[in-house]
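Read-outs throughout are calculated quantities, based only on the coordinates presented, and are distinct from any laboratory measurement. Worth saying up front: this structure is predicted, and the values here are computed from it rather than measured. FYI the Cβ positions are ideal-geometry reconstructions off the backbone, even for glycines, and counts take in every protein chain you see.
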Amino acid sequence: DVKVTQSSRYLVKRTGEKVFLECVQDMDHENMFWYRQDPGLGLRLIYFSYDVKMKEKGDIPEGYSVSREKKERFSLILESASTNQTSMYLCASSSTVANYGYTFGSGTRLTVV
Amino acid sequence: RKEVEQDPGPFNVPEGATVAFNCTYSNSASQSFFWYRQDCRKEPKLLMSVYSSGNEDGRFTAQLNRASQYISLLIRDSKLSDSATYLCVFSLRNDMRFGAGTRLTVKP
């Protein structure tokens with residue numbers, strides 16, 4: 001069974017902390033994505049990557065950065081966490097060759113206090 | 001205009017009912033279309049792709065109307081287990097855009 005694994009299910013961090021969210025996929029997918037999901041706003045794209053060491057800004061990149069040093073791993077970094085970054089964060093991956101949609105990780109619910 | 005628009009609902013229907021959701025998209029260059037299902041506090045999961053000719057998977061029928069730029073999802077004989085939020089999705093190459101979701105509750 002193919003999988004996208006996010007390192008934490010729940011996180012509580014303090015304002016100003018640097019936060020790392022990790023995502024690993026075992027499907028050899030080229031594409032990886034980070035979204036945040038908030039009530040009434042749906043999924044909003046933060047960053048995505050089509051290849052190792054490659055990254056592109058999504059719709060709401062401010063306050064975030066990413067790292068993709070290996071094909072299977074895509075990390076989201078909150079440089080200085082703020083309360084408005086409290087959200088559900090979802091990682092997804094997809095194949096360039098076969099467009100069967102995204103496979104999502106189970107999400108990380110981040111609370112910044 | 002939003003890229004993807006869905007009626008947020010909620011749709012409350014009795015078991016056995018037929019329910020339909022529509023979703024409009026603004027980018028005419030959209031290439032692929034999907035419906036995802038998301039249960040409470042869970043990640044979205046692919047329900048079905050939407051093909052130009054329309055397609056069916058059991059009780060679920062998806063249709064695409066490129067001229068009017070919308071997709072639809074029809075659920076027949078609703079089950080309690082169909083209660084979830086349904087997200088419409090379109091993609092341009094490898095970049096997918098999600099609607100905010102339509103919430104469905106099926107009641108006994």
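For the reader, a short list of remarks on this structure follows.
- Distance distribution P(r), chain A, all Cα-Cα pairs, bin width 10 angstrom from 0: 15, 51, 29, 5, 0 percent.
- Charge dipole (chain A, unit charges on Cβ, about Cα centre) - positive-most of A:Pro61, A:Gly40, A:Gln85: A:Gln85
- Top of A:Leu11, A:Leu45, A:Leu78 by mean-square fluctuation, Gaussian network on chain A, Cα under 10 Å: A:Leu11
- Cβ crowding within 10 Å, taken as a proxy for footprinting-reagent exposure, orders B:Phe33, A:Phe33, B:Phe11 from fewest neighbours to most as B:Phe11, B:Phe33, A:Phe33.
- Arranged from fewest to most other beta-carbon atoms within 10 Å of their beta carbon, A:Met27, A:Met32, A:Met88 become A:Met27, A:Met88, A:Met32.
- Applying the Kirkwood pairwise sum to the alpha-carbon positions of the protein assembly as shown produces a hydrodynamic radius of 18.0 angstrom.
- Among the listed pairs A:Lys13/B:Lys107; A:Lys3/A:Lys55; A:Lys55/B:Lys79; A:Lys18/A:Lys71; B:Lys2/B:Lys45, those whose Cα-Cα separation exceeds 31 Å are A:Lys13/B:Lys107; A:Lys55/B:Lys79.
- Cleavage-rule hits (GluC sites (Glu not before Pro)) in the range A:24-79: DSSP loop, at most 15 neighbouring Cβ within 10 angstrom: A:Glu62, A:Glu79
- Using the alpha-carbon positions of chain B, Rg (one decimal) and Dmax (whole number) come out as 13.2, 42 Å.
- Estimated vicinal HN-Hα couplings, Hz - the range A:39-50 in sequence order (Karplus 6.51, -1.76, 1.60; Gly, Pro = x): x, x, 10, x, 8, 10, 7, 9, 8, 8, 9, 9
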